[in-house]
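The values are calculated or read from the model by the stated rules, or taken from the named source; none is laboratory data. All figures in this text were calculated on a predicted structure; none of them were measured in a lab. Here the Cβ is made from the backbone with ideal geometry for all residues, glycine too, and neighbour counts use every protein chain on show. All accessible areas refer to the heavy atoms of the entire protein, side chains included, with ligands and DNA or RNA removed. Shrake-Rupley method; radii C 1.70, N 1.55, O 1.52, S 1.80 Å.
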Amino acid sequence: MAPGEKIKAKIKKNLPVRGPQAPSIKELMRWYCLKTNTHGCRRIVVSRGRLRRLLWILFTLTAVALIFWQCALLVLSFYTVSVSIKIHFQKLDFPAVTICNINPYKYSAVRPLLADLEQETRAALKTLYGFSEIESRKRRAAEPWSSAWEGTQPKFLNLIPLMVFNEGETSKATDFLTGQKRKVSGSIIHKAADVMHVQESKEVVGFQLCSNGTSHCAVYTFSSGVNAIQEWYKLHYMNIMAQVPLEKKINMSYSAEELVVTCFFDGVSCDARNFTLFHHPMYGNCYTFNNKNGTIHSTSMGGSEYGLQVILYINEEEYNPFLVASTGAKVIVHRQDEYPFIEDVGTEIETAMATSIGMHLTESFKLGEPYSQCTEDGSDVPIDNIYNAAYSLQICLHSCFQTKMVERCGCAQYSQPLPPAANYCNYQQHPNWMYCYYELHQAFVHEQLGCQSVCREACSFKEWTLTTSLAQWPSVVSEKWLLRVLTWDQGQQIKKKLNKTDLAKLLIFYKDLNQRSIMESPANSVEMLLSNFGGQLGLWMSCSIVCIIEIIEVFFIDSLSIIARQQWQKAKKWWAQRQAPACPEAPCSLRGQDNPVLDIDDDLPTFTSALRLPPAPGAQVPGTPPPRYNTLRLERAFSNQLTDTQVPAES
């Protein structure tokens, strides 16, 4: 073998073999981890410390397991050719149904309390229109203004004067009480008619409200006398009923046995015991079916046969002629924990008719802050809930107005619940309440009280979309026998023969059991943000979550530890220099190998270093000890003779 070949073989024998030709699996894996672009494997090898290596092993194995899991799911999903169909049947909870008679109290029971008010109302009708309640509606010549008030002096017209205004003339009006024209001061608030014009002449009817002890007044005019008389009558009616105890008002209204003649739910008979009393200030005794106090009923089928069917006794003869102008009942569908605002969103039911109401449930869920200003339960709204019910925007607005009413007027409005430590308004204790109420109501309508800006919508709510249809009931052929049977069934509760104008039939049911849910979801979620970041990093930098952990380790943990170590070394060096004793006369001389001038040169190049080959394993290069330069030490003074130059003494 040539000498060159011998030298080359000897070099190969002494060098470690790495890469695909490595002699062991361990060396092969080490070479792969050092050369691969897979960050986790490389970090396992180069990381210092057992804890770091263990963490990187866990991270890498977890990532590999997730990759295999996701890939297996993708492959199975790709090769799956079967389909699945889900059919889900569910029972929908039936909503609470509150039913009220439009006439709040029996006329025979409440008439003694309203006798004076009704007498003045009839006199005002006779004075203005020339007819009384029981006479012909055909107008005749109006009587003189003063002839209608012979006898006792009216008190209600003194409190709130009724006046007639000629069109275009707002500074003067004719007083009902005296029949004379007088000057009218104050702002004119005109309310449009929703019924009809009373007469052909260009006249409007209204009344004046003034604040006691001041000159502040407001005149409310109506283009229809029907609206003017009813609004004037309603103000006095609320004042009178506000002073009547609640127990007495309940007794004057209709009982559940009187109102509900027959009842069926989901094909099963029910009665008055399934209804819960709810007293409304303006509608008297109302009754709620499927209330939260009892078992919540549900239905498993759609259609009229599986809903609520009731026949109501309206009793038109007991209606107050001046308070209500229509006959029938009002019904509202709501949640069990929701307050029934029958006066705002109630549906009217006609007499001698069968009213069918089909329902469709819609449930809405809105996102809170920062996506919207909705509230979960109203606890973060600075308005006290005076209703014994769950929070809603309507409850918040009514509670806000009632609270402002108590603060500014000193009493509560009659048609809403009482706030704590408050009383309903009446003439005797609060003579100024009517003017204050109307003034406050105008400010509320124009959003000057701040209620609309404070109250917020609920984040979740249920809404029933109602579809109403009417049919004549009872029919002509079944009227005779049906009314006789109902009269016989209600013989103990109703002391008269029934006619079809006293009855109304109501059917409430789900049209189908398809519940519609409207749910808001954020367009940009945290998962979407991370996914977008990962897509951009993987597309442009081939970076993954393991790479990010590696960056955090290198640029934050390792870099900070290096900086901290350098600062610590500087601090130790500074402290050592500060604690070292200083030479008193001259700087300490450097001795021997401490002298920087005497740095030891590197060894001469060898064959291995010249070829830039790695050293053979186990080979030890002998080192050359540094020389001792004792003869080069310099002394500061030459007074003493060196020992090796002294001349021996002559003998």
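Could you say whether any residue in segment 506-523 is small (Gly, Ala, Ser) and either in contact with a Phe, Trp or Tyr (Cβ under 9 Å, 6 or more places away or on another chain) or surrounded by 11 or more Cβ atoms within 10 Å (Cβ to Cβ) (or both)?
Looking through segment 506-523, at least one residue is small (Gly, Ala, Ser) and either in contact with a Phe, Trp or Tyr (Cβ under 9 Å, 6 or more places away or on another chain) or surrounded by 11 or more Cβ atoms within 10 Å (Cβ to Cβ) (or both).
Take Val526 and decide whether it is open to solvent by 40 Å² or more (accessible area, probe 1.4 Å), more than 26 Å from Ile102 (Cα to Cα), among the aliphatic types (A, V, I, L, M) and at pLDDT 90 or above.
For Val526, the condition - open to solvent by 40 Å² or more (accessible area, probe 1.4 Å), more than 26 Å from Ile102 (Cα to Cα), among the aliphatic types (A, V, I, L, M) and at pLDDT 90 or above - is not met.
Only one of (1) in a loop (DSSP other than H, G, I, E, B); (2) modelled with pLDDT of 80 or more is not met by Lys495, so which one is it?
Of (1) in a loop (DSSP other than H, G, I, E, B); (2) modelled with pLDDT of 80 or more, only one is false for Lys495: (2).
Would a scan of segment 347-354 turn up a residue that is among the acidic types (Asp, Glu) and under 25 Å from Tyr391 (Cβ atoms)?
no
Do we find that Ala390 is among the aliphatic types (A, V, I, L, M), under 22 Å from Trp232 (Cβ atoms) and either in contact with a helix residue (DSSP H, G or I) (Cβ under 6 Å, 6 or more places away or on another chain) or open to solvent by 20 Å² or more (accessible area, probe 1.4 Å) (or both) in this structure?
No.
So Leu418 ticks every box in (1) open to solvent by 60 Å² or more (accessible area, probe 1.4 Å); (2) over 25 Å from Val333 (Cα atoms); (3) part of a loop (DSSP other than H, G, I, E, B); (4) of a type in the set (A, V, I, L, M) but one. Which box is left unticked?
Every listed condition holds for Leu418 apart from (2).
List every residue pair whose Cβ atoms lie under 8 Å apart, where the two residues are 6 or more positions apart in sequence or sit on different chains, the first residue falls within segment 365-387 and is under 15 Å from Pro522 (Cα atoms), and the second residue, located anywhere, is part of a loop (DSSP other than H, G, I, E, B) and of a type in the set (S, T, N, Q).
Between residues of segment 365-387 that are under 15 Å from Pro522 (Cα atoms) and residues that are part of a loop (DSSP other than H, G, I, E, B) and of a type in the set (S, T, N, Q), the close pairs are Lys366/Ser372; Leu367/Ser521.
Within segment 257-270, how many residues are within 24 Å of Phe341 (Cα to Cα), in contact with a strand residue (DSSP E or B) (Cβ under 8 Å, 6 or more places away or on another chain) and not in a strand (DSSP E or B)?
2
Would you please list the contacts, defined by Cβ atoms under 9 Å and residues six or more apart or on different chains, that run from a residue in segment 262-273 that is in contact (Cβ under 8 Å) with a residue 12 or more places away in the chain and at negative phi to a residue that is assigned to a loop (DSSP other than H, G, I, E, B) and surrounded by fewer than 16 Cβ atoms within 10 Å (Cβ to Cβ)?
Cβ pairs passing all conditions: Thr262/Asp271; Cys263/Asp271; Ala272/Ser255.
Can you pull out the residues in segment 275-306 that are charged (D, E, K, R) and either under 22 Å from Asn101 (Cα atoms) or modelled with pLDDT under 85 (or both)?
Of everything in segment 275-306, just one residue is charged (D, E, K, R) and either under 22 Å from Asn101 (Cα atoms) or modelled with pLDDT under 85 (or both), namely Lys292.
For segment 258-276, how many residues meet the condition of being open to solvent by 30 Å² or more (accessible area, probe 1.4 Å) and touching a helix residue (DSSP H, G or I) at 6+ places or on another chain (Cβ under 7 Å)?
Here the count works out to 2.
Checking Thr468 against (1) of a type outside the set (Asp, Glu); (2) within 30 Å of Tyr391 (Cβ to Cβ); (3) at pLDDT below 90, which single condition isn't satisfied?
In the conditions (1) of a type outside the set (Asp, Glu); (2) within 30 Å of Tyr391 (Cβ to Cβ); (3) at pLDDT below 90, Thr468 misses (3) alone.
Collect the residues in segment 558-599 that are modelled with pLDDT under 80, assigned to a helix (DSSP H, G or I) and either open to solvent by less than 60 Å² (accessible area, probe 1.4 Å) or closer than 30 Å to Phe59 by Cα (or both), keeping them in residue-number order.
Passing the criteria: Asp558, Ser559, Gly592, Leu598.
Kindly check whether there is at least one residue in segment 236-257 that is open to solvent by less than 70 Å² (accessible area, probe 1.4 Å), modelled with pLDDT under 90 and among the polar types (S, T, N, Q).
Scanning segment 236-257, I find at least one residue that is open to solvent by less than 70 Å² (accessible area, probe 1.4 Å), modelled with pLDDT under 90 and among the polar types (S, T, N, Q), so the answer is yes.
Identify the single condition in (1) among the aliphatic types (A, V, I, L, M); (2) within 29 Å of Ile240 (Cβ to Cβ); (3) open to solvent by less than 20 Å² (accessible area, probe 1.4 Å) that Val381 does not satisfy, given that it satisfies every other one.
Status for Val381: all satisfied but (2).
If only one of Thr355, Thr375, Thr327, Thr351 is of a type outside the set (Asp, Glu) and under 22 Å from His279 (Cβ atoms), which one is it?
Thr327
How many residues does segment 271-321 hold that are of a type outside the set (Phe, Trp, Tyr), more than 32 Å from the chain's Cα centre (by Cα), over 21 Å from Met241 (Cα atoms) and part of a strand (DSSP E or B)?
Counting residues in segment 271-321 that are of a type outside the set (Phe, Trp, Tyr), more than 32 Å from the chain's Cα centre (by Cα), over 21 Å from Met241 (Cα atoms) and part of a strand (DSSP E or B) gives 4.
Considering only segment 363-387, state which residues are in contact with a Pro (Cβ under 8 Å, 6 or more places away or on another chain) and within 17 Å of Pro420 (Cβ to Cβ).
Hits for segment 363-387 are Asp384, Ile386, Tyr387.
Looking for something touching a strand residue (DSSP E or B) at 6+ places or on another chain (Cβ under 7 Å), of a type in the set (Ser, Thr, Tyr) and exposed (fewer than 11 other Cβ atoms within 10 Å of the Cβ) - is there at least one such residue anywhere in segment 455-467?
Yes.
Does at least one position in segment 492-511 carry a residue that is in contact with an Asp or Glu (Cβ under 7 Å, 6 or more places away or on another chain) and either over 30 Å from Ala352 (Cβ atoms) or free of Cβ contacts under 8 Å to residues at least 40 places away in the same chain (or both)?
Scanning segment 492-511, I find no residue that is in contact with an Asp or Glu (Cβ under 7 Å, 6 or more places away or on another chain) and either over 30 Å from Ala352 (Cβ atoms) or free of Cβ contacts under 8 Å to residues at least 40 places away in the same chain (or both), so the answer is no.
Select from segment 322-352 the residues that are hydrophobic (A, V, I, L, M, F, W, C) and surrounded by fewer than 17 Cβ atoms within 10 Å (Cβ to Cβ) and write down the one among them that is nearest to the chain's Cα centre (by Cα).
Across segment 322-352, the extreme among qualifying residues is Val345.
If you check Arg408, Arg484, which single one turns out to be surrounded by fewer than 16 Cβ atoms within 10 Å (Cβ to Cβ), touching a helix residue (DSSP H, G or I) at 6+ places or on another chain (Cβ under 7 Å) and either in contact (Cβ under 8 Å) with a residue 40 or more places away in the chain or not in a loop (DSSP other than H, G, I, E, B) (or both)?
Within the list Arg408, Arg484, the selection yields Arg408.
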